[in-house]
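Undergrad: Take a look at this one; I'll ask things after.
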Amino acid sequence: MPSTQQPPTPAYVGRFAPSPTGPLHFGSLITAVASYCDAKSQHGQWLVRIEDTDIPRIFPNSEQHILSCIEAFGFEPDAQIIFQKDRLALYQNILEQLHTKNWVYACQCTRKMLGSNAIYSGTCRHLQLPFQDQAIRLKVIDQNICFEDRLQGRHCSNLKDDLGDFVLKRRDGIINYQLAVVVDDYLQGITHVVRGADLLDNTQRQMWLAQVLGYPLLHYMHLPLAMNGQGQKLSKQNMATALIPKNAPYDLQQALQALRQPAVDLDTPQNMLKQAIAQWNVASIPHQMQLAENYQ
Ligand code: GLU
């Protein structure tokens with residue numbers, strides 16, 4: 001008789017979640033390679049999600065560039081790629097659930113009113129403002145939130161002291177990254193997050209929101225960032241060079257070298273990744289927050 005049971009959830013589901021705010025660059029490749037090899041070396045799944053909720057920041061054709069690089073560099077996602085801009089109703093629904101449970105409130109404070117004060121004092125918490133055309137903030141509590149990063153060690157933050165209630169939806173209606181990332185990590189069944197160390201201090205915010213929503217905890221690994229010759233992290237703003245699909249084998253070698261993995265032979269990208277997975281060794285990845293070399 002065929003089994004009616006659901007297949008068991010894999011113990012490892014990882015993901016690569018680029019934002020199409022510019023073409024993929026060498027720093028993004030390091031994240032893609034590490035998240036892929038880490039998942040596959042543990043017989044896990046690897047998913048791709050395009051984080052495109054911030055529509056004004058979308059860079060023309062970068063979505064296409066990301067998709068063609070994923071293919072050209074030999075990555076094989078285990079499910080169809082999802083796009084967050086197709087899921088806005090879903091995030092809105094979660095916001096409404098949070099509203100019903102009194103976890104969020106509308107805030108009329110503008111950036112100008114808040115000035116340089118990075119910690120939000122909760123001015124609008126008790127004003128009961130209507131939700132229309134206002135920013136929506138999540139309440140935080142006075143509690144230390146800690147996690148053990150697989151590379152960066154233990155990190156703690158008291159969100160009340162370090163940040164205050166934070167924005168889940170902007171006044172212009174854009175769903176904030178923090179909300180979309182937590183909801184999608186949950187709905188995609190993600191168990192392990194491997195991403196750049198620039199996102200390390202977002203983690204407690206995401207853990208807090210996940211806790212409020214009753215979602216399980218995830219494992220985190222924050223990778224050291226590739227820096228350019230001026231000591232800045234490679235980014236679209238710093239004009240990092242776009243990856244070129246035909247350079248995939250050489251770039252893969254360089255990315256694995258940056259992660260201090262054993263060398264792989266020049267071959268097709270698929271075969272190179274296979275070799276990298278077989279040799280994958282987390283213990284060799286540098287623990288610091290930055291890779292000092294002059295990358296482009
Ligand atoms: N979309 C984010 C970025 O491109 C990454 C989000 C994440 O990995 O949590 O920087």
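The values are calculated or read from the model by the stated rules, or taken from the named source; none is laboratory data. Predicted model, so just to flag it, every value in this text is computed and none were measured. Cβ: placed from backbone, ideal geometry, glycine included. Neighbour counts: every protein chain shown.
Undergrad: Residue pairs, Cβ under 8 Å, 6 or more apart or interchain, first in the stretch 275-295 and at pLDDT 85 or above, second among the acidic types (Asp, Glu) and surrounded by 15 or more Cβ atoms within 10 Å (Cβ to Cβ). List them.
TA: Note: pairs meeting the criteria are 280/38; 282/38.
Undergrad: So, in the stretch 38-66, of the ones that are over 28 Å from residue 11 (Cβ atoms) and aliphatic (A, V, I, L, M), which residue ends up surrounded by the most Cβ atoms within 10 Å (Cβ to Cβ)?
TA: 58
Undergrad: While we're here: Answer with yes or no whether residue 53 is at pLDDT below 95, within 14 Å of the chain's Cα centre (by Cα) and within 14 Å of the ligand (Cβ to nearest atom).
TA: Numbers: at pLDDT below 95: no; within 14 Å of the chain's Cα centre (by Cα): yes; within 14 Å of the ligand (Cβ to nearest atom): yes.
Taking the combined requirement at face value, the residue does not satisfy it.
Undergrad: Test of understanding: among 89, 106, which residue is of a type in the set (A, V, I, L, M) and exposed (fewer than 15 other Cβ atoms within 10 Å of the Cβ)?
TA: On the way: 106 fails: exposed (fewer than 15 other Cβ atoms within 10 Å of the Cβ).
Step by step, each of 89, 106 is checked, and only 89 is of a type in the set (A, V, I, L, M) and exposed (fewer than 15 other Cβ atoms within 10 Å of the Cβ).
Undergrad: Shifting gears a bit: Where in the stretch 1-109 are the strands (runs of 3 or more DSSP E), entirely inside, with at least 1 residues that are closer than 21 Å to residue 256 by Cα?
TA: Passing ranges, in order: 13-16, 45-50.
Undergrad: Within the stretch 145-164, which residues are buried (at least 18 other Cβ atoms within 10 Å of the Cβ), in a loop (DSSP other than H, G, I, E, B) and free of Cβ contacts under 8 Å to residues at least 60 places away in the same chain?
TA: Across the stretch 145-164, the qualifying residue is only 164.
Undergrad: Residue by residue through the stretch 190-206, note down the ones that are near the ligand (Cβ under 9 Å from one of its atoms) and in contact with a helix residue (DSSP H, G or I) (Cβ under 8 Å, 6 or more places away or on another chain).
TA: 193, 194, 195, 196, 202, 206
Undergrad: Here's another thing I want to ask about it. Got a sec? Which of 142, 133 is modelled with pLDDT under 95, in a loop (DSSP other than H, G, I, E, B), charged (D, E, K, R) and surrounded by fewer than 17 Cβ atoms within 10 Å (Cβ to Cβ)?
TA: Numbers: 142 fails: modelled with pLDDT under 95.
The unique qualifying residue is 133.
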